[in-house]
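For reference, the structure is listed below as structure tokens.
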Amino acid sequence: MAKHEFGIMMDAPQPGKRYDEYEPWKYDCISVDDDYVEGIAEKLGFIDFYWHTLSIKEKGLAYCGVTLVPPCSLKAFIDVIADNSELSELKKLLENALSNNKWVIHYGL
């Protein structure tokens, strides 16, 4: 089954740097089944994220790429998944990042 990976970045992404390498171990990522991410992808389409680098601001997840989730977008992300019990582990991760003002990295398919 296809998986997405989400992790908390200890340091904020650096301007001008590309985050293209698949390094889920670096951010202690959790895995989320694609079926669950697919179910929320459209709802995330109104939230500001960055794709691969801070110079590419987009709406929604880079579904097959790397998404950088800024602290200011975490509350909206949490609101989208709040009632989804299958995403409780992801919700905890996002709440942890929010309370510590940290960025989240997402590795798509």
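The values are calculated or read from the model by the stated rules, or taken from the named source; none is laboratory data. All figures in this text were calculated on a predicted structure; none of them were measured in a lab. Cβ coordinates were reconstructed from backbone atoms using ideal geometry, including for glycine residues, and neighbour counts include every protein chain displayed. Please note that ligands, DNA and RNA were not included when accessible areas were found on the heavy atoms of the full protein model with its side chains. Shrake-Rupley method; radii C 1.70, N 1.55, O 1.52, S 1.80 Å.
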Hits in segment 1-28 (condition: assigned to a loop (DSSP other than H, G, I, E, B) and open to solvent by less than 30 Å² (accessible area, probe 1.4 Å)): P13, Y19
Filter pass, A97 being surrounded by 18 or more Cβ atoms within 10 Å (Cβ to Cβ) and either at pLDDT 95 or above or not small (G, A, S) (or both): yes
Condition met for D83 (surrounded by fewer than 17 Cβ atoms within 10 Å (Cβ to Cβ) and touching a strand residue (DSSP E or B) at 6+ places or on another chain (Cβ under 9 Å)): no
Condition check for D48: surrounded by fewer than 16 Cβ atoms within 10 Å (Cβ to Cβ), within 22 Å of N101 (Cβ to Cβ), in contact with a helix residue (DSSP H, G or I) (Cβ under 9 Å, 6 or more places away or on another chain) and free of Cβ contacts under 8 Å to residues at least 40 places away in the same chain: yes
First in segment 58-85 and part of a helix (DSSP H, G or I), second anywhere and at pLDDT below 95 and surrounded by fewer than 18 Cβ atoms within 10 Å (Cβ to Cβ), Cβ under 8 Å, 6 or more apart: none
Residue ID - farthest from the chain's Cα centre (by Cα), chosen from residues in segment 46-57 that are more than 21 Å from A2 (Cα to Cα) and not in a strand (DSSP E or B): S55
Matching residues, segment 59-83, being within 13 Å of L94 (Cα to Cα) and aliphatic (A, V, I, L, M): L68, V69, L74, A76, I78, V80, I81, A82
Filter result for I40 (touching a residue at least 40 places away in the same chain (Cβ under 8 Å), among the β-branched types (V, I, T), in a helix (DSSP H, G or I) and open to solvent by less than 50 Å² (accessible area, probe 1.4 Å)): yes
